[in-house]
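Read-outs: derived from the displayed coordinates by stated rules, not from any lab. As the structure is a computational prediction, the values presented were derived from the model and not from experiment. Every residue, glycine among them, receives a Cβ derived from its backbone with ideal geometry; neighbour counts consider all protein chains shown.
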Amino acid sequence: MDSPKTSDKGYGRDDWQKHYETGDMGWDLGQVAPPFVRLWDEKKLVPGTTLIPGCGRGHEVLFLAQNGFQVTGVDFSPGAVDALTRSLQEKGLQAEVLHQDFFELEDQHDSKYDLMLEQTFFCAIHPSQRSRYVETAARILKPNGLLAALFYATGEEGGPPYDTTAADIRHHFSSTFTIEHLEKTPHSIDKRKDKEWLGLLRRK
Ligand SMILES: C[S@@+](CC[C@H](N)C(=O)[O-])C[C@H]1O[C@@H](n2cnc3c(N)ncnc32)[C@H](O)[C@@H]1O
């Protein structure tokens, strides 16, 4: 992800929305991230109820909807939600698009999802929110549900995007998730080579 802007307080809803209004979306690959396509080809993703937090324009939402997943995309920026809603209509695909804060998902989402899949969301939130991210992910996933994530290792100070190390992932997730797989994926697009941890984390 290219940096939106360095800030030590983190980004709020209005900051993200400005990027959609000005078309400055350096993080947006314009396609589903290749490591996820690979996981699908290797049959490591099983169709079921799926939530994608901070989904942006939703390339992953479209890809999974196309492949028979029952997908819910969540983003609190209207620009993201509008773009994804339009793409779903244009492609004749079905998915639920929620315009809301991931951390405030109501209890109707508790234990509802077989899969949570994301990229460039954990790195987009302020590090002080990481525990809340883990709590929310653990709450909405079914027992044995899978978190499939591309965690961005910027190797830099500040953010967003905020650097994510393997130690950060183990520190935050080990008490509620079993880390089944964690490696720098060789399948990243060129500009993210050696910068993405592919994590497959199973809800305990
Ligand atoms: C860096 S962008 C990544 C978008 C998408 N995952 C992608 O890779 O194209 C981060 C997204 O997270 C959204 N976001 C940030 N904090 C959020 C929150 N607390 N709840 C919901 N969405 C949030 C922003 O609006 C933005 O669309």
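Some observations on this one:
- Other residues within the sphere of radius under 14 Å centred on the Cβ of LYS142, judged by their own Cβ, net out at +3 (K and R +1, D and E -1).
- Surface/4 of the Cα convex hull for the chain, nm²: 10.2
- Spherically averaged projected area in nm², based on the convex hull that wraps the Cα atoms of the stretch 91-192: 8.1
- Where labels lie 7 Å past Cα in the beta-carbon direction, separation of ASN67 and ASP14 in nm: 3.9
- Relative contact order for the stretch 1-112: 22 percent, from Cα pairs under 8 Å spaced at least 6 residues apart, divided by residue count.
- Quotient of Cα Rg and 2.2 N^0.38 Å for the stretch 1-104, N being how many residues it contains: 1.10
- Using distinct alpha-carbon pairs, which all enter the 1/r mean, Kirkwood radius of the stretch 157-204 in Å: 11.8
- Computed from the alpha carbon atoms alone, the convex hull of the stretch 75-122 holds 105 Å³ per residue.
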